[in-house]
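The values are calculated or read from the model by the stated rules, or taken from the named source; none is laboratory data. Because the structure is a prediction, the values reported are computed rather than measured. Using ideal geometry, Cβ is built from the backbone for each residue, glycine included, and neighbour counts are taken over all protein chains shown. Each accessible area value is taken on the protein alone, full model and side chains, heavy atoms only, with ligands, DNA and RNA left out. Shrake-Rupley method; radii C 1.70, N 1.55, O 1.52, S 1.80 Å.
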Number of protein chains: 2
Amino acid sequence: MTSPAPARRRDAARTRQLLLDAARVRFAQDGYAATTVRDIADDAGVNVALISRYFRSKEGLFEACLTTAVDEMRRAAGSATLAEVPRRIAEQAAGIDSDGIPRQLVLLLRSSGDTRADEIRIGILRSYAENLAGLAGWTEGDDKLLLRAQIAIAASLGIAMLRSKTPLEPLASATEQDLLGPLSDLISAVVRSDA
Amino acid sequence: MTSPAPARRRDAARTRQLLLDAARVRFAQDGYAATTVRDIADDAGVNVALISRYFRSKEGLFEACLTTAVDEMRRAAGSATLAEVPRRIAEQAAGIDSDGIPRQLVLLLRSSGDTRADEIRIGILRSYAENLAGLAGWTEGDDKLLLRAQIAIAASLGIAMLRSKTPLEPLASATEQDLLGPLSDLISAVVRSDA
DNA sequence: CCGCTCAGTCAACAGACGCTTACAAGCCGT
DNA sequence: ACGGCTTGTAAGCGTCTGTTGACTGAGCGG
């Protein structure tokens, strides 16, 4: 966290990251269409024009949010066994960030209206579902099991979504521990090959 | 449905309904912020200004969509046993409408940015969760079971959401029958009092 | 057949939107 | 220290947004 550099007053990489962070919060919280580039720039404390400079456009910024979020999730996930999956999902859904918003997951569920970004989103979702199905013994062509994996993914996203903005207690403030039990039951019940 | 009146050329009630129908499709498909009043009016085949006339504002129209959608779901739901719940949810998620979009459910997950509409949404979600928990023997104060019911609701919404716009096969085009099995497993595994 | 009422039309508003351009200021190698 | 490249600023562009108010014409009681 504490960078060795003496924090240059003008630092392109730092500014880029500030924009990226602010954008992820806004996009996850308010959605793509409801977020304006001026909101993001103000949150980041930089000039609006720098969004166009560093990300070419609002859509480019959204794509960057999506890809970095996905990278982080991939890094956090690694390879897992079926038994570990509920804990991994509970971690993500509980929100590893300070404000408890599971941004990575929410970003995956929100559509942007941007074709390119939506393609990325769907590709990621597809790969997640196939990974999960694979852990349960899925082989290509087995639509039944793949459907079940996708339903499990969808359920996780729904939980993350409902936690992110909706003050629906006790779900909204449930801890990772609280979610683990129900999620384990959900995954093991839904993702089964003996459909 | 078939009104006795011979369809007057200028019919306020009919126009209002046309706007309501078009708005529900748009809001569910594209979200609140990404939908413009001109889109809705064009879909309904009426003039834009009539939205302000009949619903006071775009937000007023969204609120009307929510309340009517909720009414329809209440009417369709009625009283049910726990065993019937998966089928009811599968019906809604599969989409009883012609285009297969589960509008009612999706509307409940999409937020508008409008405070009043969000309050309605949350109230509905809370009542659904309590109903579902009640079927499993929930008594006030049992947060564990209520949490599980809310997770089941969230899962259903996530499925509906992912089906609505995302071409994620086989989930996107799964039929009510396809969903019934996995959903039954999900509900019965998640909504249990012996947590 | 007249005249009032109300459903629907039209054009325009003020503001916000994403984005671009021209310019000022900082950083670094030499 | 100074030139050249990079980083940040300010202003404005064209467009689209939700909403409004004055208008036209259909419908119906008299």
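Label positions at A:ASP71 and A:ARG38, each projected 7 Å from the Cα along the C-beta direction, are separated by 3.1 nm. Per the Debye calculation on the range A:110-195 with a single equal scatterer at every Cα and no solvent contribution, log₁₀ I(q)/I(0) for q = 0.13, 0.16 Å⁻¹ amounts to -0.52, -0.74. Using θ = phi - 60° in the Karplus curve 6.51 cos²θ - 1.76 cosθ + 1.60, the 3J(HN,Hα) couplings for the range B:139-155 round to 10, 3, x, 7, 5, 4, 5, 4, 4, 5, 5, 5, 5, 5, 4, 4, 4 Hz; x is entered for Gly and Pro. Which distances in nm, rounded to one decimal and ordered from shortest, link the label point of A:THR36 to the equivalent label points in the other identical copies, with labels set 7 Å from Cα toward Cβ? Distances to the matching label points in the other copies: 1.6 nm. Based on DSSP H segments of at least four residues, each scored -39500 (n - 2.57), the protein assembly as shown has a per-residue ellipticity at 222 nm of -21500 deg cm²/dmol. Counts of other chain beta carbons within 10 angstrom of each beta carbon in peptide A:138-151 average 4. Both chains summed, the buried accessible area for A and B stands near 3400 Å², from protein heavy atoms and a 1.4 Å probe. Peptide B:125-136 has a mean of 1 when you count, residue by residue, the C-beta atoms of other protein chains within 10 Å of its C-beta. 3J(HN,Hα) couplings calculated from phi for the range B:60-69 with the Karplus curve 6.51 cos²θ - 1.76 cosθ + 1.60 (θ = phi - 60°) are, in sequence order, x, 5, 5, 4, 4, 4, 4, 5, 5, 4 Hz; Gly and Pro show x. For B:ARG87, the distances from its label point to the matching points in the remaining copies are 4.0 nm, ordered from shortest, with each point set 7 Å beyond Cα toward Cβ. How far is helix A:176-190 tilted, in degrees, relative to the longest principal axis of the Cα atoms in chain A, given as a value from 0 to 90 rounded to the nearest 10? It works out to around 50 degrees. In this assembly of identical copies, the label point of A:GLY113 (Cα plus 7 Å along Cα-to-Cβ) is separated from its counterparts by 1.0 nm, sorted shortest first.
Based on the alpha-carbon gyration tensor of the protein assembly as shown and its eigenvalue square roots a ≥ b ≥ c, which shape applies: rounded if a/c is under 1.5, prolate if not and a/b is larger than b/c, or oblate?
oblate
So how many Lys-Lys pairs in the protein assembly as shown land under 30 Å Cα to Cα, not counting same-chain pairs under 8 apart? Provide the component values of the computation, followed by the final result.
On the way: A:LYS58/A:LYS165; A:LYS58/B:LYS58; A:LYS58/B:LYS165; A:LYS144/B:LYS165; A:LYS165/B:LYS58; A:LYS165/B:LYS144; A:LYS165/B:LYS165; B:LYS58/B:LYS165.
Close lysine pairs found across the protein assembly as shown: 8.
Quick one: which of B:159-170, B:34-45, B:125-136 comes out on top by average Cβ neighbours within 10 Å, and what's the full order, highest first? Before the final figure, lay out each step's value.
Numbers: B:159-170: 21.0, B:34-45: 16.9, B:125-136: 19.2.
Result, highest mean Cβ count within 10 Å first: B:159-170, B:125-136, B:34-45.
For chain A, the longest principal axis of the alpha carbon atoms and the long axis of helix A:12-30 meet at an angle near 50°. Ligands, DNA and RNA are left out, and with a 1.4 angstrom probe the accessible area of the range B:66-190 is 39 Å² per residue.
Mean partner shielding of peptide B:179-185, defined as the number of other chain Cβ atoms within 10 Å of each residue Cβ, is 5.
Using the Cα gyration tensor of the range A:52-192, with a ≥ b ≥ c the square roots of its eigenvalues, what is the shape: rounded (a/c below 1.5), prolate (a/b larger than b/c) or oblate (neither)? Judged from the Cα gyration tensor, the range A:52-192 comes out oblate (a/c at least 1.5, b/c at or above a/b).
Normalised by the number of residues in chain B, the mean separation of alpha-carbon contacts (under 8 Å, six or more apart) gives a relative contact order of 22 percent. Packing order of peptides B:187-194, A:116-123, B:63-70, highest average first: B:63-70, B:187-194, A:116-123 (average count of other Cβ atoms within 10 Å over each peptide's residues). Modelled this way, with points 7 Å down the Cα-to-C-beta line, the labels at A:LYS144 and B:GLU91 are 2.6 nm from one another.
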